[in-house]
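Data first, discussion second: the structure below is written as structure tokens.
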Amino acid sequence: MATKRISDMVLKGTERAPHRSLLYALGMTAEEMKRPLIGVVSAFNEIIPGHIHLDKIAEAVKAGVRMAGGTPILVPAIGVCDGIAMAHPGMCYSLPSRELIADSVETLARAHCFDALVLIPNCDKIIPGMLMAAARTNIPSLVVSGGPMLAGDLDGRHLSLSSLFEAVGACKAGKIGPKELTAYEETACPGCGSCSGMFTANSMNCLCEAIGMALPGNGTIPAVAAARTRLAKEGGMQIMKVLAKNLRPRDVMTSAAFTNALRVDMALGCSTNSVLHLSAIAHEAGVPMSLDRINAISATTPNLCRLSPAGSDHIQDLHLAGGIPAVMKELAAAKLLDTKLITVTGRTVGQNIAGAVNRNPNVVRPIRNPYSPTGGIAILKGNIAPRGSVVKRSAVAPEMLVKTCVARVFDSEELAIAAIYAGKIKKGDVVVIRYEGPKGGPGMREMLSPTSALAGMGLDKDVALITDGRFSGATRGSAIGHVAPEAADGGPIALVKNGDRIAIDIPAGKVDLLVSATELKKRAAKLKPFRPRVQTGWLSRYQRLVGPADIGAVLQ
């Protein structure tokens, strides 16, 4: 007896004649209706450089599905380019778009009875949004990303988008002129693909491999390489095997798989956003994880890579060094990975990495010679962040790991940027940006412009930044984000005043406002209730429903 498929609900039986008629209207043949219906979810658009080529990737995936005996059906997903949305109200829509993407993928999959999904994202919120939907629908799925952008080249120097944001700060400080800035902007982003450093998009695409939801190479094969097209075809063929085995996302994305992903996260020195997104995906998969668990994993996982913005290497260098399999093999050698877990390749983690070779120990440090014995991300707690905050430890200058700074407080990103560009921030300051959390922003805006301005002005080794917002993966410096509770929820960050001293101790996992409990209690009594910045539209609904950063900023 044939195995019942989800698509039978729209394809089989006399009563489904109207459904079949509508499929005939699409040009579908009776033969195609006999095959499994595979949703090919493409986030192609003409505004995100990482997505401009996804139409070609989707066609390759569809070809693979057909070769393996399935019927591919292309459906869309939205996306926001964080770089273009940066430093203006558009950034309020970036993180919320993750929820819209998850909801829309769920809607398309459930409403049309797809038997399986191939998810084609490439940038920031699109990747976790699709993985959240995969965990939620729990139908056979795998990810085929569009791949990373090549690094730009200016006079023999490799550049990425973070180089350009920092160049703006350098120009404002008079360190470079307008002509040099123009040269940066014309060369930093040479073509399609996700921005070339270990920023959020590439972090999440690499972690798709680590968690077992993508084929090896997903995170690092360049967007412009023929191997990327071949990978897409292989992904299309592989989804048919995943479907035949009825291997589901929750079979792959187990608690142990998230531990593997966090290990790789720490070894790579991924974006701090990976903490936010992995928490949200885990929530959807029914295996929620705490910040304390993340810190415990970081404390026991060596940092093996220093990719831009933490170092001069880019994703193309990681790929040539052996990619994510090489990193995972180093971790496995120290028994830091569970190699018995199943993946969408149909093989275990151990089988996937068995043939991996570390071809460049300068890019992927051997496990016996790490950059640091602890991971690239750290969770900090203290009286300013009782439920936690996140910092990309691998991108912090050594002299800023332990530092006591004087607070300069701003109630929005715009006010902080204006002060930085005006030269009002001095060595020894800590810029505190609040009311930018999930609820306060709303949407937990990324603070790449202020951190890049500080770096471009040469202040990243002297000035810290603390916010209940978040940071781009392109951020470097002592940038502490995701402070929870946020100011809009009455968190202690709302009580900080200009001139207060804040003690940062990243190795010890601490960040404290050096103000007495008695004084903080007095300030709390005088704190005015938060007034939402947005009163209409989708963002006002998001503002009412979004949860705190320490549990992934998922909707409640």
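The values are calculated or read from the model by the stated rules, or taken from the named source; none is laboratory data. Fair warning: this is a prediction, and the values are worked out from it, not measured in the lab. Cβ: placed from backbone, ideal geometry, glycine included. Neighbour counts: every protein chain shown. Keep in mind that these areas ignore ligands, DNA and RNA; they rest on the heavy atoms of the full protein, side chains included. Shrake-Rupley method; radii C 1.70, N 1.55, O 1.52, S 1.80 Å.
Quick notes on this structure:
- Looking across ARG408, ARG387, ARG393, ARG434, one residue alone is basic (Lys, Arg), at pLDDT below 95 and buried (at least 16 other Cβ atoms within 10 Å of the Cβ). It is ARG393.
- Checking ILE84, ILE47 one by one, the residue that is assigned to a helix (DSSP H, G or I) and either at pLDDT below 95 or not small (Gly, Ala, Ser) (or both) is ILE84 and no other.
- Single unsatisfied condition, LYS403 versus (1) assigned to a loop (DSSP other than H, G, I, E, B); (2) open to solvent by 40 Å² or more (accessible area, probe 1.4 Å); (3) in contact (Cβ under 8 Å) with a residue 40 or more places away in the chain; (4) not small (Gly, Ala, Ser): (1)
- Which numbered condition LYS179 misses (of (1) surrounded by fewer than 19 Cβ atoms within 10 Å (Cβ to Cβ); (2) touching a residue at least 40 places away in the same chain (Cβ under 8 Å); (3) assigned to a helix (DSSP H, G or I)): (2)
- Of the residues examined, THR137 is one that is closer than 23 Å to GLU209 by Cα and among the hydroxyl-bearing types (Ser, Thr, Tyr).
- Of all residues in the stretch 211-224, none that is polar (S, T, N, Q) and modelled with pLDDT of 95 or more has its Cβ atom under 7 Å from the Cβ atom of a residue that is in a strand (DSSP E or B) and surrounded by fewer than 24 Cβ atoms within 10 Å (Cβ to Cβ), 6 or more apart or on another chain.
Residues are listed down the side, and each one gets a yes or a no for (1) at pLDDT below 95; (2) part of a strand (DSSP E or B); (3) surrounded by fewer than 21 Cβ atoms within 10 Å (Cβ to Cβ); (4) out of contact with any Cys (no Cβ under 7 Å at 6 or more places or on another chain):
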site: HIS51; (1), (2), (3), (4): no, no, no, no
site: LYS56; (1), (2), (3), (4): no, no, yes, yes
site: GLU59; (1), (2), (3), (4): no, no, yes, yes
site: LYS62; (1), (2), (3), (4): no, no, no, yes
site: GLY69; (1), (2), (3), (4): no, no, yes, yes
site: VAL75; (1), (2), (3), (4): no, yes, yes, yes
site: VAL80; (1), (2), (3), (4): no, no, no, yes
site: GLY90; (1), (2), (3), (4): yes, no, yes, yes
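- Scan the stretch 244-289 for residues that are buried (at least 24 other Cβ atoms within 10 Å of the Cβ) and not small (Gly, Ala, Ser) and the total you get is 19.
- Of all residues in the stretch 138-162, those that are assigned to a helix (DSSP H, G or I) and either out of contact with any Phe, Trp or Tyr (no Cβ under 9 Å at 6 or more places or on another chain) or surrounded by fewer than 24 Cβ atoms within 10 Å (Cβ to Cβ) (or both) total 0.
- Of LYS510, LYS528, all but one fail to be open to solvent by 20 Å² or more (accessible area, probe 1.4 Å) and either within 30 Å of SER160 (Cβ to Cβ) or at pLDDT 95 or above (or both); the exception is LYS510.
- Residue selected from the stretch 145-168 under the condition of a type outside the set (A, V, I, L, M, F, W, C) and in contact with a Pro (Cβ under 7 Å, 6 or more places away or on another chain), by the criterion modelled with the lowest pLDDT: SER162
- Sub-6 Å Cβ pairs linking a first residue in the stretch 302-318 that is in a loop (DSSP other than H, G, I, E, B) to a second residue that is among the aromatic types (Phe, Trp, Tyr), at least 6 apart or interchain, are ARG306/TYR371, ordered by first then second residue.
- Tally, over the stretch 456-473, of residues that are buried (at least 24 other Cβ atoms within 10 Å of the Cβ) and either in contact (Cβ under 8 Å) with a residue 60 or more places away in the chain or out of contact with any Gly (no Cβ under 9 Å at 6 or more places or on another chain) (or both): 8
- Some residue of the stretch 474-491 being modelled with pLDDT of 95 or more, part of a helix (DSSP H, G or I) and crowded, with 23+ Cβ neighbours inside 10 Å: yes
- Positions within the stretch 363-384 being assigned to a loop (DSSP other than H, G, I, E, B), in contact (Cβ under 8 Å) with a residue 12 or more places away in the chain, more than 21 Å from ALA261 (Cβ to Cβ) and open to solvent by 20 Å² or more (accessible area, probe 1.4 Å), in sequence order: ASN383
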